[in-house]
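Below is one structure, written out as structure tokens; the observations come after it.
The values are calculated or read from the model by the stated rules, or taken from the named source; none is laboratory data. From a predicted model like this one, the values you see are computed outputs, not experimental measurements. In this analysis, Cβ positions are derived from the backbone assuming ideal geometry, glycine residues included, and neighbour counts consider all displayed protein chains.
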Amino acid sequence: MDRLQIIVEDSNFYSTLFGDNPHIIHSKRSMLETVWKIFRKRFSQYIRKQKTCLISVPNRVELLGKHTDYQGGETFLLTGPRNFFAICALSDDGASELINANPDFGETVLKLRGRKPEMMVEGEGANYTYTVAKRLLNNLSDSGLSHLHLKDVKSVFFGDIPFGGGTSGSSAKLITDFFILASVNGLLTDRDFISLVIENGKKAGLSMGTDEAGDFSLALSMYLAHHENGFDFGDLKGDRGVGTFGGSEDHTAILLGERNRLLYCRYCPTEVIEKVDMPQGYMIAVAYSGKKAEKTKEAMLKYNFLSEEASAAVGRLNEINRTDFSLLRDFFQELPVNERAGMAYEQLSDIPDGVRLAERAYQFFKETCITAQAVKCLKEGQIKEFGTLINESHDLSKNYLKNIVPEIDFLQRSANNAGAAGATGFGAGFGGSCYAIVRESHFTDFIEKWKEEYLKKYPQFKDLAQFDVYSACRGVFWENVIR
């Protein structure tokens, strides 16, 4: 208890994770105080008697790389300051309870038994908890790690990530559930579990021993992405999953993020190409539109359609070129990168009903090229050129993916009109958020003007829209605070 109380009251703890912005630190402290207060009230009997852990799981902003990761493309990522906090302890009464500190979302109660958890009470997000628990139980059982039998847990958690906001709220929830179960059960420090994840990461194609990421964190990020999409991870069998047919960019940013640095990554398998410093004198503003990019059944079909179109484009390009590639990334390697988009469009648009596939492939190659150019510009301090490229990325998504809704398009245009160097919608699309890069000296005036213009146009989102400063934050944090 003493260690937890010290952390909750320590401003340095929050600045280490989230930076020095006073508004962010105040908000984070208030969140963790709430979690700690409820945990003491609900589960005081476990304090000092059971292993207890503190967890922080952040969100992410996709600066560039729209719908490219699951085709082996590249993305540029910022690990954000919105997050989930959780405090958890081992349970001795035969049931797991995950209590959301926001009473509107309820609580989830389940029993970890055999290969299939027994759901007792389903709060908001219970499907993520169930999916993580079931996959862990099955993967551990299939791997013969009997000493890692999962015990039930007690937990209180609280998040401020807007669900449907395009900043990885669903992925962060899934990862939070994993760390709640894994941390107090000792998986994260167990040599056999660490080896299991790393060895299956190698089987999934990961290159280990790089300077940019620790082997376990890198492999774990890809493993957790496969919890969400339901795919196998090496020999660790998947299940139905809970997310779209996406890649692993969200999980990479959430686990591997660093303070004041951005991640330039490639996928299938995951690779951190480079870590890039935040530009001096500029800040990132993020606006959540209030229009949710929800993963409802109907919306899920839209997301997955973009993935399915990319796969269909791969199939048709293989037929045309008499190749056997599995990813869009692998085509036209003999051409300069700036010519690949045009070649893909030319080949696919010539086949019957091929224009839509041509647009999908064109966007992939063009976005990949833009991402590489933008990273170079940012490293060289060419902010004006970086802004031009992210504006171009937005237009690509609007015209070729066709996943930019009017609210996001208005946010992008109004950000530029208000003085941003550039802006773009991001995430899966069909709702969500927009980010802008802005001079630090103009930031406060910019945010006020941006918000005012948006709410004048869309007053129905007055109580939902959010306009925030986003610093580059640390990835997942966890600590065993009571042993």
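Odds and ends about this structure:
- Residue identified as of a type in the set (Val, Ile, Thr), at pLDDT below 95, buried (at least 18 other Cβ atoms within 10 Å of the Cβ) and under 22 Å from Asn59 (Cα atoms) among Thr176, Thr244: Thr244
- Lone unmet requirement of (1) touching a residue at least 60 places away in the same chain (Cβ under 8 Å); (2) over 19 Å from Asp395 (Cα atoms) for Thr368: (2)
Each row is one residue, and each column tells you yes or no for (1) more than 28 Å from Asp250 (Cα to Cα); (2) surrounded by 20 or more Cβ atoms within 10 Å (Cβ to Cβ); (3) modelled with pLDDT of 95 or more; (4) not basic (Lys, Arg).
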{"residue": "Thr424", "(1), (2), (3), (4)": "no, yes, yes, yes"}
{"residue": "Ala428", "(1), (2), (3), (4)": "no, yes, no, yes"}
{"residue": "Ala436", "(1), (2), (3), (4)": "no, yes, yes, yes"}
{"residue": "Lys449", "(1), (2), (3), (4)": "yes, no, yes, no"}
{"residue": "Gln460", "(1), (2), (3), (4)": "yes, no, yes, yes"}
{"residue": "Glu479", "(1), (2), (3), (4)": "no, no, yes, yes"}
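- In region 280-319, the residues that are surrounded by fewer than 21 Cβ atoms within 10 Å (Cβ to Cβ), at pLDDT 95 or above and touching a Gly at 6+ places or on another chain (Cβ under 8 Å): Arg316
- Only one of the listed residues (Lys116, Lys111, Lys51, Lys134) is more than 24 Å from Phe231 (Cα to Cα), in contact with a Lys or Arg (Cβ under 9 Å, 6 or more places away or on another chain), touching a residue at least 12 places away in the same chain (Cβ under 8 Å) and among the basic types (Lys, Arg). That residue is Lys51.
- Once region 216-233 is narrowed to residues that are of a type outside the set (A, V, I, L, M, F, W, C) and at pLDDT below 95, the residue that is surrounded by the most Cβ atoms within 10 Å (Cβ to Cβ) is His227.
- Subset of region 107-127 that is of a type outside the set (D, E, K, R) and closer than 18 Å to Ile87 by Cβ - its residue that is surrounded by the fewest Cβ atoms within 10 Å (Cβ to Cβ): Gly123
- Test: residue in region 438-453 that is assigned to a strand (DSSP E or B), touching a strand residue (DSSP E or B) at 6+ places or on another chain (Cβ under 8 Å) and charged (D, E, K, R): yes
- Spans of strands (runs of 3 or more DSSP E) in region 54-118 with at least 2 residues modelled with pLDDT of 95 or more and within 23 Å of Gly257 (Cβ to Cβ): 74-90
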